[in-house]
Structure formats: C-alpha cells, structure tokens
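Participant: Shown below is the structure under consideration.
The values are calculated or read from the model by the stated rules, or taken from the named source; none is laboratory data. These figures come from a predicted structure and were not determined experimentally. Don't worry about glycine lacking a Cβ; one is built from the backbone with ideal geometry, like all the others, and counts go over all protein chains shown.
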Protein chains: 2
Amino acid sequence: MSSPRQATAFAPATVANVAVGFDILGFAIGGFGDTVTVRRIDEPTVRIASVTGLPEPLPLEAAKNTAGVVLIGLRERLGLEYGFEIEIRKGIPLGSGMGGSAASAVGALAAANALLDQPLPRTDLFSLSLLGETLAGGAPHGDNVGPCLFGGLLLARRMDPPDLVQLPVPRQLRAVLVHPDICVSTREARAILRQDVSMRGFIDQSANLAAFTAACFTGDYDLLGRSLEDLVIEPQRARLIPGFAEAKAAALAAGALGFSISGAGPSVFALTRGDEMANRVRNAISAVFAGHSLRCEEWAGSISLKGALVVECN
Amino acid sequence: MSSPRQATAFAPATVANVAVGFDILGFAIGGFGDTVTVRRIDEPTVRIASVTGLPEPLPLEAAKNTAGVVLIGLRERLGLEYGFEIEIRKGIPLGSGMGGSAASAVGALAAANALLDQPLPRTDLFSLSLLGETLAGGAPHGDNVGPCLFGGLLLARRMDPPDLVQLPVPRQLRAVLVHPDICVSTREARAILRQDVSMRGFIDQSANLAAFTAACFTGDYDLLGRSLEDLVIEPQRARLIPGFAEAKAAALAAGALGFSISGAGPSVFALTRGDEMANRVRNAISAVFAGHSLRCEEWAGSISLKGALVVECN
C-alpha cells in the first residue's frame, strides 16, 4: 500500500498566556482556525503554492512562513528525499494574538505527518512546531502550539524535552474571544516587556496560577475567577490596545470570571460560567470597542478538547 | 456555663516555600511542634509566664514574642476586658526554618480561642496569626501559619482577605526534614534575596508550581518530581547552608522526588514516594551533614492533615 500523496489538516485558533500562565498556558478554540493542505512532491524542497484568506499578500518563501519552516525541519530531521508543497487557507487574521502562526505550522505538520511512510508521534510534532514559533516570536514557547496540536487547556512546562500537562476544563467553563481590528506584532509586544519581574509580582502571580490550576481540578468557579488576574504582563501591554481598561471593566461587570489579553494581543479573551454569561460578556466587550470605532470579530463557546485534525487524505 | 480558664494547644512544625511556592506554599509535619498553655487572667494584659524547651533563654516581653503579639492583637480586636498568661513549651528550635515562630503564635491563638465566650472561626485566627509573622520576618505571608493552623499542603493565595486552598496530598507522598545545627535568621535569609526575578526564572518557576499543583491532584509522582525544583530562591540561599549541594545530590541519588530548603533554612526537606525511600533519603542527607561536622535532628513521615489542636481545656 503506497502512502497518500495529499492531506489536509485543520488547526484551531488558540488563546495563549491565559492571564496567569505567561508563555506556558494556552487553550484551543473550537470555532475557527487555519486549514493547510500538503502534497508530497518529488523535488527535494519545501514550497508554498498559495496563502489565501488574508486581505494582504503573504510571502511565499518557505523559510519565512511558519508552515514552511516546520516542514523544512521535518525533512531535515527525517532525511526525506522527497519534498512538500503547501497550500494555506488562513482562518486566523495575522498579528491578532489568536495563534495564527502556530496554527499554520501545526496544520502543516499534521497534514505532512499523514503523508509519511512512518508517521511521527504527536510529541515529536510538538518539538518540530516550535521551530515555527522561533521564527514568529523569538524564544520558542509552547503555549500556542501545545493546545493547537493537542487541544484542551494545556500547561507547557518545558519545551526540551517536551513536558506537557493537560488541565481539566470545568464543565460549564466558556470562553469569549474578541479581536479588535488593529495589528500588534508579537515582536513589538515582547520588546516592551521589562526583563525582570518584581518579587511581589512574582509571588502574587505564582499564587494566582497555582490557585487557577487547583480550581480547574475542583471546578471551583469562584476561586477560578479570583485567580484569573494578570499582575505582571497585562499592566505592561494593555496600552497597546485602545479601550482595554474599559472593555475589561465591562466584561467583569457583565459577570466574566476574568478578562485579559489573548497572547500578545490585540485580541482579548474572557472566561465565563455558562453560555448565557458568555453572550452577555461578548456583547459588553464589543460595545466598548465599537465606541472606540474599532470593528471586531467575536467568538464565544467551549474550549475545544480537540487539537489539529487531518480532515482529508488521499 | 462559664468558659474554661485554661487551655493547652499543640501546633505542628511546618515546611514553607516547598521549593516552588515561595511565600505561598507550606505543609504541616506530624511529629513535633510547640505546645502552648493559655490562662485567662483578670488583669487587662498579655504576659508570658515561661518559655521552656530551648537551650537559650527567650525574652518574656509579650510584644517581642509571636505568641504574645497575636494575643495582644486578639484582645484589641475583640475589646476584651480580661487578659492572658502564656506558657510556651518549644518543640521547634529557634531559627531552624521549621515554622517555630508560626507554631507559637498559632498555638497561643488556638488555646486562647478555646477560652473565649464566643470562639472565632479559624479563618479569623489565620488573620490574627499573621501579626506574629510580621514580627518574625517582615512582610506577613501565610505559608507557615496556614498549614500550622489548618494542616495539610496549603496554598496561601492571598492574606487579606485570606484565600487559602488545600491541595490534595498524594497517598504515598512522604516528607523528610533534616535540621543541621546552625542558625540562619529569617531576616538575614530575606535580606540576601534580589528584589527582582528574571523573566526566565519567573516563567520556569511558575511552570513548575502549576505542574506540581496538577501532580498533587492527579497523583503523578514523576511529574511531581520533575516539577519540584526551585530555580529562583534556592540558588541565592543555598550558600547559607554548609554542604547543601552535596546533601541535595545525595538525596536525589537516594531517590528523592525533590529536595530544597525548608522555609528560610537551615533545615532542608525532601519529598519521596513511600516510607522506604524516605528513610534512605533521610540517612543520605544526615550522612552528608555529619561529614561537615554538623549535628542533625531528623524526621521522616507523612504530611500531617491536622493543624493546631486544643489538647487540654479546663
């Protein structure tokens, strides 16, 4: 039986940092993501045939696209004689803070993996997908690619070797994600961060992360809400997002358990208990951004327990 | 029915910080602690009648002893017309890093509470016991008084208002505590700490704390062991303890899941899976300190799920 020649994978959008887990915590969104088709080609190279779904054109040079970078890495790692051609349909806007570069990389790897004579285990795909994160944002961290690949609410404790911990998602927990139409580059959002954290911030944020983790296990929504507060990163980055403080106040007033920046922004997220509260919170946030003349894309729903999926293979 | 005139409480030793939860995590030790007898007296004052069990004399001035300070606070808070006389039998050596000042304070409060016409709930005792911590070590933190009062493995997320989270103790988890006979003052151990934490240390230590918390819920001893590593505080304080690096290497070689400083030191602790490993680890640590001509007190056993207890009341 010969291997398939073409596969298509869907890789979900993700919310990284999750207020209290800077660079180590993320969750997957069920509603939208990137769709990547990969074809085996005889030429020993990786090329990008097309990137669609974006208003602006994207470079087709493989070494400058996370999907290309990770398949170059895959070829080198396995010493493959054949190459890959990639088609990317972006569902996640660029520079939105919703894990778009991670999704393209993970989608490409998931699709290419289905074309290998001996597919790799997912933890190997995780390590390869970090190559794309290095391109996108400097030091590799797994808080987008981890949940994008495995789904759920994921703690990426260490990258090398990968040490990933799935946290249970309380049954009524819902997420709200709002993307105001401005662009924040990950590099810029990193560049403004201080290199050190105050001892007070370190202690209080650690306590929040531990309490949030415990609350996920016990389903204690009150504790989860008290803990979901970023004391270290958000105060430094909030000014990059017009209306942030106002949107946060509105979300909390509408009953959100917590509200913060998704990844490096400008998207913001909230967690809520139940769908009704999620809808109220979504409307409250959008209304604030509308008042700042910002158009928004919005999403509300459950954290997706599914990671990247091969949706077609032939 | 008139209230009792005299009560005696036992308050256990505690291990604070627990490698990954600086100022916020601690657990109670079953084997030893301070025993405090409190008598109601007609004079509107707090006095210390005796402190026994220590080689050196301790000041009997109530305002300079944590047990005195917290009962002064209790009187003021409740506007009591009567006073208290305190007898302290120290089971925990001074400046040992095993929560001795917390135990005297918590023991005094637990005993005095039994003498009140309307006893306070334990969370109120927690807030009062922090008054003693302020005397002993500067900024109040609950990683000793919390587990001393409530028992178990406790996350003290916030002090005001108290937000305390019990973490489950995996069934086979055992603790080893070794006290080498040198004195490290809490103030000194705090003074040498840098005021800031590097971003790398913040991220990696946060990840360890979250993974440790998850491992307590899932009973994953391997993850618990991988996570139980202090990357921030221990490297700065280890030099205060002769033979620390060697003792740590010996503990880990003997199978310990992790090893670090108990509180501000000089006591060290290890966590193990099962009693046999606990005994091996205890012997390995003691042998190293003996090689440095340090006498040791040692203890190995389960984390105590009991906090301070009134043992006599009449």
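Participant: In region A:293-311, what residues are charged (D, E, K, R) and not in a loop (DSSP other than H, G, I, E, B)?
Facilitator: Result: A:Glu297, A:Glu298.
Participant: In addition: Residues to consider are B:Gly91, B:Gly97; find the one that is of a type outside the set (Asp, Glu), in a loop (DSSP other than H, G, I, E, B), at positive phi and not assigned by TED's automatic domain parsing to the domain that holds B:His179.
Facilitator: B:Gly97
Participant: Condition first: more than 10 Å from chain A (Cβ to nearest Cβ) and within 23 Å of A:Gly219 (Cα to Cα). Now tell me which residues in region B:139-156 satisfy that.
Facilitator: Of everything in region B:139-156, those that are more than 10 Å from chain A (Cβ to nearest Cβ) and within 23 Å of A:Gly219 (Cα to Cα) turn out to be B:Gly146, B:Pro147, B:Phe150, B:Gly151, B:Gly152, B:Leu153, B:Leu154.
Participant: Within region B:232-254, work out how many residues are outside any helix (DSSP H, G or I), more than 12 Å from chain A (Cβ to nearest Cβ) and either closer than 22 Å to A:Phe202 by Cβ or without any contact (Cβ under 8 Å) to a residue 60 or more places away in the chain (or both).
Facilitator: Residues flagged as outside any helix (DSSP H, G or I), more than 12 Å from chain A (Cβ to nearest Cβ) and either closer than 22 Å to A:Phe202 by Cβ or without any contact (Cβ under 8 Å) to a residue 60 or more places away in the chain (or both) within region B:232-254 amount to 1.
Participant: Also, I was wondering about something else. Does B:Ala308 satisfy the condition of being assigned by TED's automatic domain parsing to the domain that holds B:Gly107 and of a type in the set (A, V, I, L, M, F, W, C)?
Facilitator: Yes: the conditions hold for B:Ala308.
Participant: Working carefully through the options A:Leu224, A:Leu294, A:Leu209, find the one that is surrounded by fewer than 24 Cβ atoms within 10 Å (Cβ to Cβ), closer than 17 Å to A:Ala19 by Cα and outside the structural domain of A:Ser96 (by TED's automatic domain parsing).
Facilitator: Every option except A:Leu224 fails the conditions.
Participant: When you go through (1) surrounded by 19 or more Cβ atoms within 10 Å (Cβ to Cβ); (2) within 28 Å of B:Ile92 (Cα to Cα) one by one for B:Arg239, which number turns out not to apply?
Facilitator: In the conditions (1) surrounded by 19 or more Cβ atoms within 10 Å (Cβ to Cβ); (2) within 28 Å of B:Ile92 (Cα to Cα), B:Arg239 misses (1) alone.
Participant: Only one residue in A:Leu167, A:Leu149, A:Leu155, A:Leu177 is aliphatic (A, V, I, L, M) and under 16 Å from A:Gly97 (Cβ atoms), so which one is that?
Facilitator: A:Leu177
Participant: Tell me, which residue of region A:59-73 that is more than 19 Å from A:Ala9 (Cβ to Cβ) and part of a helix (DSSP H, G or I) is nearest to the chain's Cα centre (by Cα)?
Facilitator: The extreme case among them is A:Lys64.
Participant: Ok, one more. So is B:Val197 crowded, with 20+ Cβ neighbours inside 10 Å, out of contact with any Gly (no Cβ under 7 Å at 6 or more places or on another chain) and without any contact (Cβ under 8 Å) to a residue 40 or more places away in the chain or not?
Facilitator: Answer is yes for this residue.
Participant: Please list, ordered by first then second residue, the pairs with beta carbon atoms under 9 Å, 6 or more apart or interchain, first in region B:24-35 and in the same structural domain as B:Ser101 (by TED's automatic domain parsing) and surrounded by fewer than 24 Cβ atoms within 10 Å (Cβ to Cβ), second hydroxyl-bearing (Ser, Thr, Tyr) and part of a strand (DSSP E or B).
Facilitator: Matching pairs, first to second residue: B:Thr35/B:Thr8.
Participant: When region B:237-251 is examined, which residues are found to be more than 16 Å from B:Val184 (Cβ to Cβ) and either in contact with a strand residue (DSSP E or B) (Cβ under 8 Å, 6 or more places away or on another chain) or among the acidic types (Asp, Glu) (or both)?
Facilitator: Result: B:Glu246, B:Lys248, B:Ala251.
Participant: Restricting attention to region B:262-281, which residues are part of a loop (DSSP other than H, G, I, E, B) and either over 18 Å from B:Ser304 (Cβ atoms) or under 21 Å from the mean Cα position of the chain (by Cα) (or both)?
Facilitator: Of everything in region B:262-281, those that are part of a loop (DSSP other than H, G, I, E, B) and either over 18 Å from B:Ser304 (Cβ atoms) or under 21 Å from the mean Cα position of the chain (by Cα) (or both) turn out to be B:Ser262, B:Gly263, B:Ala264, B:Gly265, B:Pro266, B:Ser267.
Participant: Which of the residues spanning region A:138-156 are in a loop (DSSP other than H, G, I, E, B) and in contact with a helix residue (DSSP H, G or I) (Cβ under 8 Å, 6 or more places away or on another chain)?
Facilitator: A:Gly138, A:Pro140, A:His141, A:Gly142, A:Asn144
Participant: Say whether the condition of being in contact with a Phe, Trp or Tyr (Cβ under 6 Å, 6 or more places away or on another chain) and surrounded by fewer than 24 Cβ atoms within 10 Å (Cβ to Cβ) is met by at least one residue in region B:58-79.
Facilitator: Among the residues of region B:58-79, not one is in contact with a Phe, Trp or Tyr (Cβ under 6 Å, 6 or more places away or on another chain) and surrounded by fewer than 24 Cβ atoms within 10 Å (Cβ to Cβ), which makes the answer no.
Participant: Could you check, for region A:282-292, whether at least one of its residues is polar (S, T, N, Q) and part of a helix (DSSP H, G or I)?
Facilitator: Yes, some residue in region A:282-292 is polar (S, T, N, Q) and part of a helix (DSSP H, G or I).
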